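Working notes for the structure below.
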Amino acid sequence: MRRRRHKTSKNRRRPRSREYDPEIDPLLVRWAAQRQATLAETSKRINVPQYKLREWLNRHPELASAFFTGQHVADARVIDALFKRATGCTAQDLEIKTDEEDKNGKPQKVKRRHRNLPADICAIRFWLKNRLPNQWADRPKSPTAEEITARFRPIPQLPEPYPGGESNEHK
């Protein structure tokens, strides 16, 4: 019997290797990183093999800083959204009404409504568990033996009794 080849293996294309462009590539990498793209997704978006992108990140510090700056911007956006949701925020809704008789489909009325969203308990719990894990963890970390002994004063040693069973104080 003949072995059948998978159709996907024929159609797979590897991105061709190209030269590094110091003007465009840092911008493309930062753009991809700001949209929470992984290294593999970034390499696909800029049409470069993943191994080549890793080489570029190691060789060109401006590209590495663009990639990590983009990641920090994305992380900051998520942190800001989580903080707003944990503390409560205001959201704006747009309601666009069109008249059925209008042939062009142009909006006739635009209604803006502001809603106050209360603080979200799940967001608050997530924030506290990650920011203050010692106070808010579900399972508090057990103290080590060194931590336990450091909390207490050392117990003073009592004098040893004489072999006859009598102590030195009664004589």
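Please treat every number below as a calculation from the coordinates, not as lab data. Keep in mind that this is a model prediction, so the values were computed, not measured. Ideal geometry is used to build each Cβ from the backbone, glycine not excepted, and the neighbour counts take in all protein chains shown.
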Whole-Å semi-axes of the range 15-87's equivalent ellipsoid, largest first, each the root of 5 times a Cα gyration tensor eigenvalue?
-> 27, 12, 9
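To the nearest 0.05, how large is the calculated FRET efficiency for HIS72 and PHE126 if R₀ is 25 Å and r is the Cβ-Cβ distance?
So, using R0 = 25 Å, E works out to roughly 0.80.
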